[in-house]
Amino acid sequence: MILERLKQYMDYKGITVAAFERSIGMANASFGKSLKKGGAIGTDKLENILTIYPDISPLWLLRGVGEMLLPDPEHPEKQPPSAPTYLLDMIKEKDQIIRQQAEELGELREKLKNAQAGKNEITHHHAQAPVEVAP
């Protein structure tokens with residue numbers, strides 16, 4: 001499982017198996033063989049991997065939990081928002097839209113009320129106007 005996650009990381013980063021093996025001090029083709037046979041990786045190699053590739057999440061690598069990559073402390077703005085933060089932002093945005101629509105609805109109701117009052121006044125005025133009768 002750890003080796004499969006390492007392969008996933010390598011594919012994501014575009015690192016060849018040979019380059020990865022060299023970077024962590026593994027013998028040529030040993031990673032590929034271990035991956036095919038469902039083998040294991042030593043703790044010394046794991047330590048090298050986590051040192052050489054500091055963006056890989058140790059929790060994800062060892063247990064498959066969480067995100068593959070750790071947040072980049074130098075570029076936090078490039079990190080996708082976490083689900084709770086994203087959801088909170090969406091809720092705030094929806095609340096703002098609801099407030100704006102409520103204000104607009106209130107204004108429209110007031111305009112309708114004024115328009116109806118004006119119509120009633122015109123109708124009432126015409127009803128009370130004297131009617132001339134032809135002789």
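Throughout, read-outs are computed from the coordinates displayed, never taken from laboratory work. What you see is a predicted model; the values in this text were computed from it and never measured.
Listed by chain and number, the lysines whose alpha-carbon sits under 25 Å from that of Lys119, ignoring those within fewer than 8 places in the same chain, are Lys111. When the alpha carbon gyration tensor of the range 2-72 is reduced to an equivalent ellipsoid, the three semi-axes, largest first, read 18, 13, 12 Å. Excluding same-chain neighbours fewer than eight residues apart, the lysines reachable from Lys45 by a Cα-Cα span under 26 Å are Lys7, Lys13, Lys33, Lys36, Lys37.
Under 5 Å between amide hydrogens, built in the peptide plane, is the criterion, and for Ile56 it picks out Leu70 among residues at least 5 positions away or on other chains.
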